[in-house]
Amino acid sequence: MAVAESAGLGPVLAFALVGVCGVGAQWLAWRLRLPAIVIMLVAGLIAGPATGLLNPSRDFGELLSPLIALAVAVILFEGGFSLDFHRLGDAKTGVRRLVFIGAPLGWFLSALALVWGAGLSWESAAVFGGIMVVTGPTVIAPLLRTAKLARRPARLLQWEAIVNDPIGALAAVLAFEVVFTLRSNLPMGEAVGHLALGIGFAAAIGGAIGWGIARSFSRGWVPEFMKVPVLFATLLGTFAVTDHVLHESGLLAVTVMGLVIGNADLPSYEELRRFKEHATVLLVSGVFILLAANIEIDQLAALDWHALLFVILVVLVARPLTVLISLIGTALPRNERLLIAFTGPRGVVLVAVAGLFGQRLAEIGVADGLRIGPLAFVLVLVTVIVHGFTLAPLARKLGLANADKPGLLIVGGSRFTTALAETLNKAEVPVLITDPNHAHLIRPRANGLKTFYGDILGEAAEDKVELMAYSTLLAATDNDAYNTLVATDLAPELGRDKVWQVPRQKDDRERHALPTQLGGRRFGEGRTLENWEKLLSEGWRFRVTRITEEYTLTQWREKRPKAKPVMVVAKSGDLRFVIDPAEMKVEPGGRLISLLPPEAFEEETTQKAKAGEKPSGQPGPAARIP
């Protein structure tokens, strides 16, 4: 039986290659601590125009445009779903200004930059200028973590990106509807009516379906195990039906649907949020690889000095003017305004939406619509690289950066956590102790430690605790259930390898053991908080020991056979608790935090006395605790 020859990979192999390239690029970016979008761009260009291995137009054929459209619909739904108006905190005023003033102004200035700089027609500039309102929530979050910004400017930049994500897409949809209507040569009255009908229809359908989903979830009409499938199927159905009934209304409908569901205060919000984040990572990487691979070398070669002028106008003129004008009259300090004004990285959403609308514009006869895709890639690449390398130095220059060293967030005030925090302060590690019980913070406050009174999972903590300043968490209250809840809830945000918990009472018994996905990592050979407290009451004290080439870990073990290692501060500043002392590793330059028995300090005092040294009178942090 002869096998027919077919050009290209075919849809199945091409789909697999897109997935491998997209997810692989994101993983490699995580390992190299680089912006994922840069690695994805390189991967797409290598797989596409550089080698010709992947040609989306050839390999997917007529499926390409629907695939990208569905992926963009899910991405825009995610943007609307992420916009929870109750969580803006003290950045609310600035975000409101950047949305109601900044978005229209940024749209106008970006369109001017496209016309005067890139030489686009007003039709393409209006559509692309609307998309450029998006500042890239998938890009700004990693940059903020790396730069360790102060809480308010970080929150403002993050929420501006989240809020403007759907707004930029909506602006593009509206601009495209205007262009499409005018190109259809309808009378002005009929054109305006058609546009109003499209906006009203999409908003009404999206709002109604969003309200219906929220109501059915909150009333228990949908079981927990079906909520995610129902949401996803409804999302796809809403986009497909509205877009079929009224062309180009689907994107607006799913964005409004996401806004309604995201602000419905659903008890299943976290499960839905994590699902849409996972789906968005897959779709964003896939769309980006497809669009990058679909760019032709001729299109990239056609970019001349106009593209460079366009990027310069956006980065140095349009973005700063938009922010500075929008924030006039607010209480934000000048240094925060300047930082925000010169920080505006664009991300994958911009490229995805721009690529989609560029093709749509070309289909209705706007010749330079195909230039939008390459210009979007250039803008994203330049802004990500520029801001990726300048945000941290600029924040330090303006006094808006937190401590460079990773910190420890301790949940639970006690004798043990207070002594540990004081010891870490001696080792120059930032520490914050939080507790929902005010009485538990008396001891840490008396010892001059930084504290927060309140529930770390509450909305007040989101406004007042700079979570990005702390790389590691220790749940160590006297309530095992609360420790497990805190560790489980914050593990996805901080990383499960960075969330620790004091072992629970009876944790070693089979009927009381919890599955591994609940709680944090246990340490200290199974010692509970009560065990640690007992050691301190018996006179054990914390000590910081620097491990060097001359004083190795082996020598420390020989000198301190009874010591109980608690924590290791690596030379890089990374923090990790000791699970099993026998398997503990400390590289030269690192510091070991351990508990020493009373006789160790008595022996040390005796040796100093024999050597003629004057006792310091400072027996250790734990001994000063009342």
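Quick note: the coordinates plus some simple rules give every number you see, no bench work behind them. Predicted model, so just to flag it, every value in this text is computed and none were measured. Note: ideal-geometry Cβ built from the backbone for every residue, glycine included; neighbour counts use all protein chains shown.
The phi torsions of the stretch 416-421, fed into the Karplus equation with coefficients 6.51, -1.76 and 1.60 and a -60° offset, translate into couplings of 5, 5, 5, 5, 5, 5 Hz, rounded to whole numbers, with Gly and Pro shown as x. Listed peptides 350-356, 150-156, 313-319 appear in the order 350-356, 150-156, 313-319 once ranked by packing, highest mean of other Cβ atoms within 10 Å at the front. In this structure the amide hydrogen of V431, modeled in the peptide plane, comes within under 5 Å of the amide hydrogens of L408, none closer than 5 places in sequence on its chain.
Spin-label model, S218/H438: points 7 Å from Cα along the beta carbon direction are separated by 3.3 nm. Summarising the label geometry, the points placed 7 Å from Cα in the beta-carbon direction at D455 and E525 lie 3.7 nm from one another.
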